[in-house]
Protein chains: 4
Amino acid sequence: MSAVPSIETVRELAAKFCNWGRWGPDDELGTLNHLIPEHRVAAAALVRTGDVLSLAIPLGDDGPQHAGSGRFNPIHLMRYTGRDFTAPGSAERDPRRGYLQNADDVLILPLQAATQWDGLAHVFFDQQMYNGYSAADVSSSGARRNAVTAGGDRMVGRGVLLDLPAALGVPYLEAGRPVGADDLEAARVHHGVEVGPGDFVLVRTGHMARARERGEWGDYAGGPAPGLGLESVPWIAERCIAGLATDTWSVEAIPAQTPDVTCPVHILLIVMLGLWVGEIFDLEALAARCAADGRHEFLFLAPPLPVTGGIGSPINPQAVL
Amino acid sequence: MSAVPSIETVRELAAKFCNWGRWGPDDELGTLNHLIPEHRVAAAALVRTGDVLSLAIPLGDDGPQHAGSGRFNPIHLMRYTGRDFTAPGSAERDPRRGYLQNADDVLILPLQAATQWDGLAHVFFDQQMYNGYSAADVSSSGARRNAVTAGGDRMVGRGVLLDLPAALGVPYLEAGRPVGADDLEAARVHHGVEVGPGDFVLVRTGHMARARERGEWGDYAGGPAPGLGLESVPWIAERCIAGLATDTWSVEAIPAQTPDVTCPVHILLIVMLGLWVGEIFDLEALAARCAADGRHEFLFLAPPLPVTGGIGSPINPQAVL
Amino acid sequence: MSAVPSIETVRELAAKFCNWGRWGPDDELGTLNHLIPEHRVAAAALVRTGDVLSLAIPLGDDGPQHAGSGRFNPIHLMRYTGRDFTAPGSAERDPRRGYLQNADDVLILPLQAATQWDGLAHVFFDQQMYNGYSAADVSSSGARRNAVTAGGDRMVGRGVLLDLPAALGVPYLEAGRPVGADDLEAARVHHGVEVGPGDFVLVRTGHMARARERGEWGDYAGGPAPGLGLESVPWIAERCIAGLATDTWSVEAIPAQTPDVTCPVHILLIVMLGLWVGEIFDLEALAARCAADGRHEFLFLAPPLPVTGGIGSPINPQAVL
Amino acid sequence: MSAVPSIETVRELAAKFCNWGRWGPDDELGTLNHLIPEHRVAAAALVRTGDVLSLAIPLGDDGPQHAGSGRFNPIHLMRYTGRDFTAPGSAERDPRRGYLQNADDVLILPLQAATQWDGLAHVFFDQQMYNGYSAADVSSSGARRNAVTAGGDRMVGRGVLLDLPAALGVPYLEAGRPVGADDLEAARVHHGVEVGPGDFVLVRTGHMARARERGEWGDYAGGPAPGLGLESVPWIAERCIAGLATDTWSVEAIPAQTPDVTCPVHILLIVMLGLWVGEIFDLEALAARCAADGRHEFLFLAPPLPVTGGIGSPINPQAVL
């Protein structure tokens, strides 16, 4: 890799690890092709206690988005409330309703506002997306290619947690710190866990814990963050994993190592590899539990909502231990 | 049960099967209490092939809601599209963006517009909800009690499919047909499957298949439908199941058996039992597969989105076989 | 005009009446340039009784949009209600709130769902919009050119009602009936009113009254309708009016006179002339009043909401008599 | 008035100036009853140059709302863009569309997010709103009484600008500064203008200009602000004006003069008087023009959108000079 990474570095890595065409000209699954049913049988066998941990943050107006982050927090509005029926003299208590009293609600949300999958139509490079489809296939009507629905019946498999601060002996990774193959490998060895084809790899940087300690999200969304660096790409590509998620808003180190390219790792992982990327995962409870158990593998599941033409999806990922 | 069911019938069944206080005065889990970690270990052991089936319908503007159904179909809007970057002379291709080209989207949806969990704050009876909480605990700010978030780390367990048309030898149940304990038991025996504590029971009526055959949703949402009748309540209560879902818009038979009570089974199951109810599940592929395999049990998972104060949640339920 | 109108007819009329460049290369006002302040002084002088008539239909879920119309009716949701404060034992009655009890609400609406202005960025022809700007100037970030905000401080002037059914002696114009210059002129003469530079011309076809008589909107939005035909374009262009509105969902006759062009009059009026077009105006009360008064001119006002980058705007147009 | 204002002061003023029942038990117009058609004839006669000034701020994501203000800025989303049609190889350029290329958009907004009318259902006191209607008349279905639609055909009349900083010789009023009857009267005398029945009084404090000078909204919405104090209430009530608006987010001084009552002036003006209150008006250009002309009266118009059951309405108010 050149001393000062640039668009040329990105193009070199792209040429080397590009998965376009690997699974045929019509593929929209990307790295989910690495995950075969047998992997799930093995993953199910990892369940020992039956405990479930949710890896999602709450979907509400106290989320990480802010005016400068380019997205907004979910807006939850009620269509009917219990108080519609408890108000004295309420007309809704009309006997003609046949005792029916119910609440109902509506949600308005950017699909990537909180814990989420980035779909393969989320990022373009030179006006193309994963598998060489044109960026023009994503119009105002949504994604005609690479919609998030492709992963709708695939997101169950083996999960592996790589807890970087634990492995590196630091409380958290500093904002901007690029994570390399050596870091990932160090964590893997530290935990004594294998990473292989079809796995979902969850990478903890400690960045969310830091925000929680501060007591406010601050610039968590949209601001500087630790994350994957260019050096991690070969490791990720070669292991043939199915998906990868972090406890940061952008899976990669922000700001980028490439002064001239804004999100180089997004380009490489999503556009070139076709990797399913998860963001804003809450890995705190899971990290504590894995450390206590001395075991960093589990059954992982995170089915996306089947939003027609959707780019991303809010999820409630789970580890079953 | 009296010859002509009425509000009195509902009150009798309520008195008999009410779970309020059963799990303490602060419980918000309801029947999810029946599901213990050991059940999940057993459920995971059911995975044989590793195949996954999604039980969700697409989330889009071609959904079942219509002007008369009281809800609307999900509205999917783009914040950025690929075409923003492919237009000739596009200013967004500014080199200062550092090659960044990305799509982003927003969804507006009633939380119960499509495949969904009803939360325990969805229905009230006499101004109270499950466990005796006041309906006033559901204000414009959402549910302060019984929010759908309570199920956020619980919805993984054993699933059982009861395919009523297959068991009864009919193509589908007619709209309005109430399903009784005898029907459920007939299907169970027909399939040679057990139903027990902590299970998620998926009840197929064929009503969605019928809409699909017609080629249009019509009054599928909000209209007459087959579904659970009053006679099914003791069976459900006594088996201590964790959740129950159907392929209809309202888990119960519409119109109701009680001329004076609009949704008596909602009252009994949700308010009294604290049962987690799923609706608009697509059970067609699952039914075909279970029939082919001669096996009607599987690992089931359907984590709700953790919407703060939420009444219901869109889900993408999965059967892992 | 050729016997069978076609794209060629449209191109001929476009060449003849195109206003591009007429008011400079940076103009975004279009025909609002015809309206000069002196016109408003004269319009204000038309006020005799001080009565105000609203020309808007209600903004609510009982509007004309439906699944097939391509838009949806406004969705009105409450953030806080009065019942939040009247529920017995309401926590919101906390004395710490200092007696504050308030309601608040949210609206979700397509900007052209009901009574509206089409902005000049609403329609393109051959990938260009009014004044020759590229269609690419309307991205996912909104209209960079020809946004509806351009009319934000202009929409006050003289209004003229042309009541076609009254002039033609019919209860209403049939759906599909194209309105020509002769029809408009007949109505003008029938009413004894002038039409000149800077005027807002309100054209009543009776189509909304017909829907009202039916008691349901039916296919009012998106379906066949009477409206302006190709023959009306020279009349409109030559009179130098500022804006024109109808009581139909699409200002022009639907289906179009041109088998090969879907909305030829939109192209000519909005793209070529830069005319501000209003739709779904309720002209019933105004028509009755004008007939009773024997006077078809008045002070007209319909300021659009200044939606940044907006394509259209909901309005509550008023006639002051 | 007692030395330290409190809830008792509020109740005394309420008793003295309450308009409940004044216009009958079914009234929903409040102070708009003061405005009679003759006032509009006189107001129209004020038009001399025909110039129009918009008093609205832009409706967009750069508005004053923020996470702490309790509302959010308008969210503008595109349904179709021009770029959908300019992308090379765009399927939307299908000749079967008959040359149709159009843009369309959607807005999501709190009705009081920007320049707005508060409706008479916006505030309650002791669980009642204007004219004694129960707060329970505002349910999740909207306002059954006092909806903003009541003003739908009334908001045209005489406008008067009271420029307080100009009259008091200061650049702006400090945040928290309560405006009394003496201040309003001083401005009136300074401008040499009358204020009488049916007028719309626009009160400039300079608070918006200050935010504009700062270059950011900061806590403009929701934070401390100058505004009407308790001492202004008799002056307002006795003049029988139709409406009143300010260049602040809350018409009244924030924080309030009453330590125990959060928004005492809202209670008095909206609940007791039934006054139509406007907020977040941009009065800068108008103030400059009035000063230059030496004339502080004009034709004013600000029709609310007829949102069924609406609490408030976004508006684009206009002064015609």
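Taking Cα atoms only, the orientation of helix B:7-17 departs from the longest principal axis of chain B by about 90 degrees. Each residue, B:Asp62 and D:Glu213, gets one label point 7 Å from its Cα in the Cβ direction; the gap between the two is 5.9 nm. Highest GNM mean-square fluctuation among C:Glu174, C:Glu231, C:Glu216, for chain C modelled with Cα contacts below 10 Å: C:Glu216. Taking a point 7 Å from the Cα of A:Arg97 along the Cα-to-Cβ direction, the residues of the stretch B:101-122 with backbone N closer than 15 Å to it are B:122.
Electrostatic tally near D:His39: other residues with Cβ closer than 14 Å to its Cβ, Lys and Arg +1, Asp and Glu -1, net 0.
Can you tally the net charge around B:Gly192? Count Lys and Arg as +1, Asp and Glu as -1, for every other residue whose Cβ sits under 14 Å from the Cβ of B:Gly192.
Value of the local net charge: -3.
Note on chain C: antiparallel DSSP beta bridges, both residues inside, total approximately 65 percent of the bridges counted. Counting only residues at least eight positions apart within a chain, or on another chain, the aspartates and glutamates with an alpha carbon under 14 Å from that of B:Lys16 are B:Glu8, B:Glu231, B:Glu238.
Counting DSSP beta bridges with both partners in the protein assembly as shown, what percentage is antiparallel, nearest 5? Before the final figure, lay out each step's value.
Values: 128 of 192 bridges.
Taking every DSSP beta bridge with both residues in the protein assembly as shown, the antiparallel ones total about 65 percent.
Estimated translational diffusion coefficient (Stokes-Einstein, Kirkwood radius over Cα pairs, 25 °C, 0.890 mPa s) of the stretch C:1-84: 128 µm² per second. In chain C, Cα pairs under 8 Å separated by at least six residues give a relative contact order of 30 percent.
With viscosity set to 1.002 mPa s and temperature to 20 °C, compute the Stokes-Einstein D of the protein assembly as shown, Rh being the Kirkwood radius across alpha carbon pairs; µm²/s, no decimals. Rounded, D is 66 µm²/s.
Projected onto their three principal axes, the Cα atoms of the stretch A:219-315 cover extents of 43, 34, 33 Å, largest first. For chain B, the longest principal axis of the alpha carbon atoms and the long axis of helix B:181-191 meet at an angle near 70°.
Can you sort C:Met155, D:Met129 so the residue with the fewest Cβ neighbours within 10 Å comes first? Mind showing how you got there, number by number?
Numbers: C:Met155 26, D:Met129 30.
Taking fewest neighbouring Cβ atoms as first place, the list is C:Met155, D:Met129.
When the Debye formula is applied to the Cα atoms of chain C, each taken as the same point scatterer, what base-10 log of I(q)/I(0) results at q = 0.07, 0.09, 0.10 Å⁻¹? Results for chain C at q = 0.07, 0.09, 0.10 Å⁻¹ read -0.30, -0.48, -0.58. For the stretch D:71-210, the fraction of C-alpha pairs farther apart than 27 angstrom is 54 percent. Of the residues B:Tyr80, B:Tyr99, B:Gly50, the one whose Cα sits farthest toward the positive end of the charge dipole of the stretch B:1-111, with +1 on the Cβ of Lys and Arg and -1 on the Cβ of Asp and Glu, is B:Tyr99. Between D:Val170 and D:Arg22, the contour length at 0.36 nm per residue exceeds the alpha carbon distance by 49.4 nm. Computed from Cα atoms, the angle from the helix B:284-293 axis to the main principal axis of chain B rounds to 60 degrees. By other beta-carbon atoms within 10 Å, ranking D:Tyr99, D:Tyr133 with the fewest at the front produces D:Tyr99, D:Tyr133.
Within the stretch D:270-304, name every residue whose backbone N is under 15 Å away from a label modeled 7 Å from Cα of C:Ala285 along the Cβ vector. Only D:303-304 fall inside the zone, counting backbone N under 15 Å. Summing charges over neighbours of D:Thr115, with a neighbour being any other residue whose Cβ is under 9 Å away from its Cβ, gives -2 when K and R count +1 and D and E count -1. A simple charge model with +1 on the Cβ of Lys and Arg, -1 on the Cβ of Asp and Glu and nothing else charged puts the dipole of the protein assembly as shown at about 0 debye relative to its Cα centre.
Looking at the stretch D:214-321 alone, DSSP beta bridges between its own residues are antiparallel in about 50 percent of cases. Each of A:Asp247, A:Asp137 was scored by other Cβ atoms within 10 Å of its Cβ. Arranged with the fewest first, they read A:Asp137, A:Asp247.
None of the figures in this text is laboratory data; all of them are computed from the coordinates on show. Since this is a predicted model, take the numbers as computed values, not measurements. Backbone-built Cβ (ideal geometry, glycine too); neighbour counts: all protein chains shown.
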